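Take a look at the structure set out below.
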């Protein structure tokens, strides 16, 4: 009889299902995984060290580039850490704007996730559907910040500017004309909030479409039900948060348990799974999209009714208005000092976490009183999640590793930092 | 977490552990400093005892306290040399690998900072463990208590050179295969030590010393402004001094 021995296989970093730059060294017994050893760090840019060499505000843009599909949530954790040490609080309107954009970001992230996870497991169409809606929300990002992805919109003390009163429209071109153009611009006649309101009214039916494609799909269920089962104990042992722990039936959500921004005022539900497998985590994330949609609607209603400042009036932290800078000498001095030197943050340390779409995104900030952080550590949910892959995929088949990587919702910008 | 919750956690900790932990409370966050020798016993108790139930290790990271509170620009007195006051500092953006400061004496430079979370009691706790020997900082590994600390400890080892005693697989994790040095230490240059390019003649990737010049655009400044002093007093957060 022929002797069969285990062999080692290299999965990635150039593999479409490796979600970027994951290199996975797999020890296989036939098609069964005996040991999985992920090699990460191929996208390590030393964000934390770079942040130590710059004034506080200049690192906000780096946060977008960590988890580059949930940009504003990362900013939120960093900005909140600075605000905690400074002892300032953003105005109420800014808090509502942040809450709204955190939820827009959650939908953006989950759309990316549902599309790419389905693609990994062989369903092409979902990706195309999901990107249709992502495009609309990217336009909302662009409307407030000028950038479709890397917004740098949140600032210590508020947000960079108020919501725009006008939504950008498509212009006539050889590709968009006539009725097609009218359809594209139908929601874009009014303000950004009008556009978003039209979007949220329509979005639940879009989620139904994704569910139509996947929820009762036999192939989808064969690939996900009973795969990668995580018990609540295992989830806690491995420091899991977000949909990973909620999929295992633990109703843990920072938005409810340790509310920040305006989540305490919001009416929404926390979906939890039962079995803790890939299918349950899929259901949890789909339901989270619907709940995020609800939160956005509540924020829109409040923001319409309550105009007000979106930035603190503390010129030691936030720059004065540009018109004031042109006329008032003190404003000019503040402006000059803020943009050449930045602001000092009182000595101390803090850990601030937000419920990012992937789990708990935390920022541990140590300041010694200088205008640059002494130490910034960013707690990325994906890093903690991926570290648990070895005990979870042991005994599974090779194809299930792909399902597992997909369900972790990995983005290597945050894993490698 | 509310104020009362934090206070009661601090009280429960000091009642249970006494002098083993050095506890400080800032804002609503509780920090406990623990000696390396006591870490495992304390960690196990924190995980298992009903009063604490810190079932989840959320985060573990290294910190290098070298140069804490040092600035590059004297703001107390006025000198006639203008902006050049700012370029004499020794921050990590200002030196190359070859000129890095070798004799760096700051007692107890390295610490591992652990953030714990109790899902059952909805509370958080920060543990700080200093490595006693700065030339070889050693801290016991908590992988036996929280399995999830595995990668976080590898990261702290990789970036700071903190050795976690008892870790099952203490390899580098984020830096390149064959990397030299611990890049997040404050005496490691910001520009790094080597750069990589493809050499068409040798037909392979080659490593060379970095060619870029170190530079700093904004000097590091600590201003004792009135409102900062006030904020300092209000925070009553003197964890570094005591």
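The values are calculated or read from the model by the stated rules, or taken from the named source; none is laboratory data. This is a predicted model, so every value here is computed, not measured. Positions of Cβ are generated from backbone atoms using ideal geometry, with glycine treated the same way; all protein chains shown enter the neighbour counts.
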Task: Breaking point among (1) on the phi < 0 side of the Ramachandran plot; (2) surrounded by fewer than 23 Cβ atoms within 10 Å (Cβ to Cβ); (3) not in a helix (DSSP H, G or I), for residue A:90 - done: (2)
TODO: Go through the residues of the range B:186-201 one by one and say whether even a single one is in contact with a strand residue (DSSP E or B) (Cβ under 7 Å, 6 or more places away or on another chain), farther than 30 Å from residue B:93 by Cβ and not in a helix (DSSP H, G or I).
DONE: no
- [ ] Sort out which residues of the range B:24-50 are without any contact (Cβ under 8 Å) to a residue 40 or more places away in the chain, in contact with a helix residue (DSSP H, G or I) (Cβ under 9 Å, 6 or more places away or on another chain) and either over 26 Å from residue B:163 (Cα atoms) or within 14 Å of chain A (Cβ to nearest Cβ) (or both), and write them in order of number.
- [x] B:25, B:28, B:49
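Between A:122, A:115, which is more than 14 Å from chain B (Cβ to nearest Cβ), out of contact with any strand residue (DSSP E or B) (no Cβ under 6 Å at 6 or more places or on another chain) and on the phi > 0 side of the Ramachandran plot? Outline the logic, then answer.
Values: A:115 fails: on the phi > 0 side of the Ramachandran plot.
From the options A:122, A:115, the qualifying one is A:122.
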- [ ] Exactly one condition in (1) at the interface with chain B (Cβ under 9 Å from one of its Cβ atoms); (2) in contact with a helix residue (DSSP H, G or I) (Cβ under 8 Å, 6 or more places away or on another chain); (3) at pLDDT 90 or above is not met by residue A:344; state its number.
- [x] (3)
Task: Tally of residues being assigned to a helix (DSSP H, G or I) and within 14 Å of chain B (Cβ to nearest Cβ) across the range A:306-333 - done: 1
TODO: Filter the range A:359-388 down to residues that are more than 9 Å from every other protein chain (Cβ to nearest Cβ) and at pLDDT below 90, then give me how many there are.
DONE: 0
Open item on the list: I need a count of the residues in the range A:222-238 that are surrounded by 24 or more Cβ atoms within 10 Å (Cβ to Cβ) and under 8 Å from residue A:248 (Cα atoms).
Closed with: 2
Open item on the list: If a residue must be modelled with pLDDT of 90 or more and either closer than 23 Å to residue A:240 by Cβ or more than 9 Å from chain A (Cβ to nearest Cβ) (or both), how many such residues does the range B:172-184 contain?
Closed with: 3
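Answer yes or no: is there a residue in the range A:37-52 that is without any contact (Cβ under 8 Å) to a residue 60 or more places away in the chain, surrounded by 21 or more Cβ atoms within 10 Å (Cβ to Cβ) and either within 12 Å of chain B (Cβ to nearest Cβ) or under 18 Å from the mean Cα position of the chain (by Cα) (or both). Full working, then the answer.
Filtering the range A:37-52 for residues without any contact (Cβ under 8 Å) to a residue 60 or more places away in the chain gives A:39, A:49-50.
Retained after the next criterion (residues that are surrounded by 21 or more Cβ atoms within 10 Å (Cβ to Cβ)): A:49.
Within this subset, residues satisfying the condition of being either within 12 Å of chain B (Cβ to nearest Cβ) or under 18 Å from the mean Cα position of the chain (by Cα) (or both) are A:49.
Yes, there is a match, as at least one residue in the range A:37-52 is without any contact (Cβ under 8 Å) to a residue 60 or more places away in the chain, surrounded by 21 or more Cβ atoms within 10 Å (Cβ to Cβ) and either within 12 Å of chain B (Cβ to nearest Cβ) or under 18 Å from the mean Cα position of the chain (by Cα) (or both).
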Open item on the list: I'd like the full set of residues that are touching a strand residue (DSSP E or B) at 6+ places or on another chain (Cβ under 7 Å) and surrounded by 10 or more Cβ atoms within 10 Å (Cβ to Cβ), limited to the range B:202-227.
Closed with: B:206, B:207, B:208, B:209, B:210, B:220, B:221, B:222
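From A:355, A:349, grab the single residue that is within 19 Å of residue A:158 (Cα to Cα) and either modelled with pLDDT under 90 or within 14 Å of chain B (Cβ to nearest Cβ) (or both).
A:355
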- [ ] With the condition kept exactly as written, say whether any residue in the range A:179-192 is under 18 Å from residue A:295 (Cβ atoms) and touching a residue at least 60 places away in the same chain (Cβ under 8 Å).
- [x] no
Open item on the list: For the list (1) surrounded by fewer than 23 Cβ atoms within 10 Å (Cβ to Cβ); (2) more than 29 Å from residue B:124 (Cα to Cα), I need the number of the one condition that residue A:393 fails.
Closed with: (1)
TODO: Quick one: in the range B:146-169, of everything that is in contact (Cβ under 8 Å) with a residue 24 or more places away in the chain and surrounded by fewer than 21 Cβ atoms within 10 Å (Cβ to Cβ), which residue is farthest from the chain's Cα centre (by Cα)?
DONE: B:168
